[in-house]
Amino acid sequence: MNKVFALVDCNNFYASCERVFNPSLRDKPVVVLSNNDGCIIARSNEAKALGVGMGQPYFKCRDLLRKNGVRVFSSNYSLYGDLSRRVMDVLSQLEAEVEIYSIDEAFLMLPADGSGSAGYARIIREKILQCVGIPVSVGIAPTKTLAKIANRFAKKNPLHNGVFEITGAGDVDSLLKTVGVEDVWGIGRRYFSLLKLRGIHTAFDLKQADDAWVRKRLTVVGLRTVMELRGIPCISLDETPPSRKSIVCSRSFGRPVESLADLRQAVATYTSRAAERLRAAQLATGCLHVFLATSSFDKNRPVYSASQSVILPETTASTPVLIRHAMACLEKIYRQNCRFQKAGVMFTEIVSGSCRQQHLFAESARDDSLLMKALDRINARWGRSTVQYATAGLAKSWHMKRAQLSPAYTTRWSDLPVVKASV
């Protein structure tokens, strides 16, 4: 059976998540801020209509938001991650071939059934709205690159009612002439500048480009994009998530941090969280990196950034072992009289936790996998950091600002929504 690609994309995902459990936000302008309430990272359509820009610093548009009654929220990644998982679960129940592309996007394979594909896509759209409460748009096309473009039309034009099939629109070339080449999937800033110099400004121009020139200047990856614009599938559905090469946990601080004690708390906290991710994916790490940096905007203090890495004697996912090595790295790169704005931890040399290579000459560390399993189960049942290592501290006054955080409606018992009904 012939099949077509469908891209399911959640509309204004973070803003839509805030609306799911708060009906008073319906049809109201909503924006979501980045870490430390710094910049606008998500906007509802109503906020976009007011001229609120993506990436705009919050302090610069605070008066505009207040004047127009825009509801502002700090990032609530626990809520967004859980609702994303629910959307993907619905898609997996409806279709066998699903590729989760990002937190708010997934590719599907649908039967190529003329107008029937669009009809089925509308059923998918209604099902997600009914089960999760998140509105989505669906773009359908014979290739993944064209499906991305089709989704753009589905989202931008209300007449399509959230679903657009590019082959059913008649003259595909006329549509591609309205799409800037910078909006084509896979064309980054560097390629955009190169194509602009070549006189290629639209998706249609790129489709007509000379194959030899594209292969030479944009490599075989760029040539695949051109072929996909011509309707020739070159990028297949990847149903298996790629193996992880690294795990990073880093945050900007809510206030500048100067003391080594506070930095030790922060780095130990980030190490613990990264170790939890390792164990959740049944992985282990062989190399640990610690990095920290001051703010480049603080003109009164020295600007400083540094990182330190260590090759571990054995691959491990043990929190106390990783914290011990992270503390040693931190001691080497810490500088007095610096006001640090950010710190983080990264694990590389990731391997499967079930086949770890032991050290040939040194004595192996004590196996604490059962202890780590108990730690993870307690924290999963009773909330993050219910049990933690003392090095991570309790007060955490350096924690990032989230002054306008919504409740964790789906991941914390105390935040469950309460519904009252009168008889």
Q) Which of the residues spanning the range 29-86 are more than 17 Å from the chain's Cα centre (by Cα) and among the small types (Gly, Ala, Ser)? A) Gly38, Ser44, Ala47, Ala49, Gly51, Gly53, Gly69
Q.
Would you confirm whether or not the range 273-284 contains a residue that is in contact with a strand residue (DSSP E or B) (Cβ under 9 Å, 6 or more places away or on another chain) and assigned to a strand (DSSP E or B)?
A. yes
Q.
Looking only at the range 227-257, how many residues end up being exposed (fewer than 13 other Cβ atoms within 10 Å of the Cβ) and either among the basic types (Lys, Arg) or closer than 23 Å to Tyr191 by Cβ (or both)?
A. 5
Q: State whether one or more residues within the range 159-167 are free of Cβ contacts under 8 Å to residues at least 12 places away in the same chain, more than 21 Å from Cys234 (Cβ to Cβ) and either charged (D, E, K, R) or surrounded by 22 or more Cβ atoms within 10 Å (Cβ to Cβ) (or both).
A: no
Q. Only one of these conditions is not met by Val267: (1) assigned to a helix (DSSP H, G or I); (2) touching a helix residue (DSSP H, G or I) at 6+ places or on another chain (Cβ under 7 Å); (3) open to solvent by 40 Å² or more (accessible area, probe 1.4 Å). Which number is it?
A. (3)
**Q.** Residue list for the range 59-109, filter: under 17 Å from Leu405 (Cα atoms) and not in a helix (DSSP H, G or I)
**A.** Val70, Arg71, Val72, Phe73, Ser74, Ser75, Asn76
Q) When the residues of the range 199-226 are filtered to those that are polar (S, T, N, Q) and closer than 14 Å to Val179 by Cβ, which remaining residue is most open to solvent (accessible area, probe 1.4 Å)? A) Gln208
Q: Inspect all residues belonging to the range 48-71 and state whether any of them is in contact with a Ser or Thr (Cβ under 7 Å, 6 or more places away or on another chain) and surrounded by 19 or more Cβ atoms within 10 Å (Cβ to Cβ).
A: no
Q: Answer yes or no as to whether Ala365 is in contact (Cβ under 8 Å) with a residue 24 or more places away in the chain, assigned to a loop (DSSP other than H, G, I, E, B) and within 30 Å of Arg62 (Cα to Cα).
A: no
Q.
Need pairs with beta-carbon distance below 6 Å; first residue of a type in the set (S, T, N, Q) and within the range 35-58, second part of a loop (DSSP other than H, G, I, E, B); sequence gap 6+ or separate chains.
A. Asn35/Met400; Asn36/Met400; Asn36/Lys401; Ser44/Asn12; Ser44/Pro29
Q) What residue, among those in the range 309-322 that are open to solvent by 10 Å² or more (accessible area, probe 1.4 Å) and in contact with a helix residue (DSSP H, G or I) (Cβ under 6 Å, 6 or more places away or on another chain), is nearest to Arg273 (Cα to Cα)? A) Ala317
Q: Report yes if Ser78 is at pLDDT 95 or above and of a type in the set (S, T, N, Q), otherwise no.
A: no
Q: Check off (1) among the polar types (S, T, N, Q); (2) surrounded by fewer than 16 Cβ atoms within 10 Å (Cβ to Cβ); (3) touching a helix residue (DSSP H, G or I) at 6+ places or on another chain (Cβ under 7 Å) for Gln282 and give me the number that stays unchecked.
A: (3)
Q | Residue that is most open to solvent (accessible area, probe 1.4 Å), among those in the range 323-338 that are part of a helix (DSSP H, G or I) and either within 18 Å of Leu283 (Cβ to Cβ) or of a type in the set (Phe, Trp, Tyr) (or both) | A | His325
Q. If only one of Gln357, Gln341, Gln388 is touching a residue at least 24 places away in the same chain (Cβ under 8 Å), open to solvent by 100 Å² or more (accessible area, probe 1.4 Å) and either not in a helix (DSSP H, G or I) or not aromatic (Phe, Trp, Tyr) (or both), which one is it?
A. Gln357
Q: Return yes or no: is Leu206 part of a helix (DSSP H, G or I), touching a residue at least 12 places away in the same chain (Cβ under 8 Å) and over 28 Å from Asp37 (Cα atoms)?
A: yes
Q. Going by the structure shown, is Ser174 at pLDDT 90 or above, open to solvent by less than 60 Å² (accessible area, probe 1.4 Å) and polar (S, T, N, Q)?
A. yes
Q. Just one of Lys148, Lys196 is open to solvent by 30 Å² or more (accessible area, probe 1.4 Å), on the phi < 0 side of the Ramachandran plot and over 27 Å from the mean Cα position of the chain (by Cα); which is it?
A. Lys196
Q) Are any of the residues in the range 403-422 open to solvent by less than 70 Å² (accessible area, probe 1.4 Å), in a loop (DSSP other than H, G, I, E, B), within 16 Å of Pro320 (Cα to Cα) and among the small types (Gly, Ala, Ser)? A) no
Q: State whether one or more residues within the range 191-198 are assigned to a loop (DSSP other than H, G, I, E, B) and farther than 23 Å from Glu105 by Cα.
A: yes
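The values are calculated or read from the model by the stated rules, or taken from the named source; none is laboratory data. Small disclaimer: the values here were computed from a predicted structure and weren't measured. A quick note on method: Cβ atoms are made from the backbone with ideal geometry, for glycine too, and the neighbour counts reach across all protein chains shown. The protein model used for the area step is the full one, side chains on, heavy atoms only, and it has no ligands, DNA or RNA in it. Shrake-Rupley method; radii C 1.70, N 1.55, O 1.52, S 1.80 Å.
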